[in-house]
1. Being assigned by TED's automatic domain parsing to the domain that holds Leu52 and outside any helix (DSSP H, G or I) is true for just one of Glu222, Glu182, Glu208. Which residue is that?
2. Is at least one residue of region 44-53 in contact (Cβ under 8 Å) with a residue 12 or more places away in the chain and within 16 Å of the ligand (Cβ to nearest atom)?
3. Filter region 238-263 for residues that are under 30 Å from Leu224 (Cα atoms) and hydrophobic (A, V, I, L, M, F, W, C); which is least open to solvent (accessible area, probe 1.4 Å)?
4. Residue by residue through region 100-142, note down the ones that are touching a Pro at 6+ places or on another chain (Cβ under 7 Å) and in a loop (DSSP other than H, G, I, E, B).
5. Quickly run through region 185-205 and pick out the residues that are surrounded by fewer than 18 Cβ atoms within 10 Å (Cβ to Cβ) and not in a loop (DSSP other than H, G, I, E, B).
6. Just name the residue that is farthest from Ser112 (Cα to Cα) out of those in region 62-71 that are open to solvent by less than 40 Å² (accessible area, probe 1.4 Å) and in a strand (DSSP E or B).
7. How do the pairs read when you match residues in region 178-194 that are closer than 27 Å to Ala53 by Cβ with residues anywhere that are open to solvent by 30 Å² or more (accessible area, probe 1.4 Å), using Cβ under 6 Å and keeping only pairs 6 or more apart or on different chains?
Amino acid sequence: MDKVSAGYDQLTRFWLDTAPARGVVVRLDDSLTQAMQHHDYPEAVVTLLRQLAGAAALLASNLKQSAQVILQAQGTGDVPLLCVEATDALTFRLYASVREGAAVATDASLASMVAPDGHGRFVLTIAPTEGQPYQGIVALSQKNDDGETIDGSVARLLEDYLSNSQQTETRMWLRQDGDVMEAMLLERLPDSTDAATPAWNAVVAQAEHAFAEHFMPFPYAEWLQFTFVANDVKVHPAQAVKFACSCSIERVLNALKLVGEDELQPLIEEQGKIATRCEFCGKAYEVSAASFAELFRRNDALHPPGSQLLQ
Ligand SMILES: [Zn+2]
């Protein structure tokens, strides 16, 4: 049995014939280790990136076109940015920005590291390869009825967001064992009636129970049937999930173009080149003074002064 069929680094979509529910479950093993090996983050940051990677893979499996799901937690704390991107081809990459010298507690919550001031944002972007991106934003911290601040977990923030935006009950579970992350999304069928509520509640309880346990690699077709015992579980074929970075010298050059020649010229004069590193995979890129000059010469030739507004 190959690794994907055996349950490693794979995603399985499923539905229940006996309850108004469909779902997707994903397990990240070597892919997560590969994504993380380019970084050296505090443990709490690594844990949250793993959770975001599991969640992003689940959401990416629902994309109906060539697109990316980007999950970001943004604030002004010791970790002002956590970012995970996943594609419809089920590849993902991740990074965090951690302030130099920051001491992040091992058990730090998402909101406490990203935005201890309570003004953090959780941003979900769907960016199609062609067409306009769609963005949803929720607060990392919310007040309950008693006015107390509640810090949302990755699963809770996404559950609330998806339940509201899709107008159907959605639940998400995440669990980690060492370097391995497992995540599951369960969605109530939108057209299910009130009479189906007990059946929905029962499968939610079964999923809750399963995710409270430690886990082992297992072919998901069997694991799902075991988890949702007394239900008839139907599965789509397992799909591989991989770490992959889409960085390239072309993208680096495009980014430099956006920063602009005037801004970068002093750097070229001082160092004779621009050296940069991909934030996601650590790959080093170097742009020589000659290529830098060429980049903006080419740009000028294509877009003579005054023509920018016509682009
Ligand atoms: Zn890269």
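The values are calculated or read from the model by the stated rules, or taken from the named source; none is laboratory data. This structure is a prediction, so every number in the text was calculated from the model and none was measured. Glycine also receives a Cβ, built like all others from the backbone with ideal geometry; neighbour counts cover every protein chain displayed. SASA here: full protein model, heavy atoms, side chains in, ligands and nucleic acids out. Shrake-Rupley method; radii C 1.70, N 1.55, O 1.52, S 1.80 Å.
1. Selected residue: Glu182, the only one of Glu222, Glu182, Glu208 that is assigned by TED's automatic domain parsing to the domain that holds Leu52 and outside any helix (DSSP H, G or I).
2. Here is the first cut: in region 44-53, the residues in contact (Cβ under 8 Å) with a residue 12 or more places away in the chain are 44-45, 47-53.
Still in the running and within 16 Å of the ligand (Cβ to nearest atom): 49, 53.
Yes: one or more hits.
3. Val241
4. Val104, the sole residue that qualifies.
5. Asp194, Ala195, Ala196, Thr197, Pro198, Ala199, Asn201, Ala202, Val204, Ala205
6. It comes out as Ala67.
7. Asp179/Thr33; Ala183/Leu174; Leu186/Arg171; Glu187/Arg22; Arg188/Glu169
A quick yes/no check of all residues on (1) of a type outside the set (Gly, Ala, Ser); (2) surrounded by fewer than 24 Cβ atoms within 10 Å (Cβ to Cβ); (3) touching a residue at least 12 places away in the same chain (Cβ under 8 Å):
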| position | (1), (2), (3) |
| --- | --- |
| Val26 | yes, no, yes |
| Ala35 | no, no, yes |
| His39 | yes, yes, yes |
| Leu59 | yes, yes, yes |
